[in-house]
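Here the structure is laid out as structure tokens; the discussion comes afterwards.
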Amino acid sequence: MSWLAVAPATTTPDSAQVIGYPSLFLLVLIGALVPVVPTGALVSSAAVVAFHRTAPASLVLVFATASLAAFLGDVTLYWLGRRGMGSKNGSRWLEAIRSRAPEDRLRQAQGKLAEHGVAVLVLSRLVPAGRIPVMLACLLARWPVRRFVRGNFPACLAWAVTYQLIGILGGSLFPEPWEGVVAAVALTVLISVAPGAWRRLRGAVTR
């Protein structure tokens, strides 16, 4: 999304939006299905650009685009995982979910899911690397898609708001959009890697 920061200089705002919002939707959707795309950074970067356009509608469109794409991607991935659970040979989507959910994180997610239910699903999107273990826990608990949808919808709204606020913060601190994009991306990357780094450090200290 950083290329959007210079879009007003080379294209009209309307044409930049026509290109930018579908791109944001597609990238967030892919990131939900294939959890290697830094979707939080994408949303924050788009929010920086929208903030510098000083058009409230742009921020609303970023929020709507990101939350809808995340929701559809999550529900699709969960549905594919459910199909894999019911298949004799499983599925590559189910294996992909399993491979990204370490056993200790899965056990923790299962315990919290059994204790708190849908609330854990809502919070899982706000915790770095928390979405996939909780999704797998829901699959192993045989949650129907409808129940997953009820919890995932507010989760995606909260996720989109959180990363959009990070982008707005980055945009407000710097006069140039590209500077805000760099700051927002750096902050989202820091948020995503900090918990894992802390767990490794704590594990090394306790050995």
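The values are calculated or read from the model by the stated rules, or taken from the named source; none is laboratory data. Remember, it's a predicted structure, so these values are computed and weren't measured experimentally. Positions of Cβ are generated from backbone atoms using ideal geometry, with glycine treated the same way; all protein chains shown enter the neighbour counts. The accessibility values were calculated without ligands, DNA or RNA, using every heavy atom of the protein model including side chains. Shrake-Rupley method; radii C 1.70, N 1.55, O 1.52, S 1.80 Å.
Only the Cβ atoms of Lys and Arg (+1) and of Asp and Glu (-1) were treated as charged; on that basis the dipole of the stretch 50-115 about its Cα centre amounts to roughly 200 debye.
Where the convex hull is taken over the Cα atoms of the stretch 15-138, what is its projected area averaged over directions, in nm²? It would help to have the intermediate numbers written out before the result.
Values: hull surface 33.0 nm².
The orientation-averaged projected area of the Cα hull of the stretch 15-138 comes to 8.3 nm².
The fraction of accessible area contributed by carbon and sulfur in the stretch 21-177 is 64 percent, rounded to a whole number (1.4 Å probe; ligands and nucleic acids excluded).
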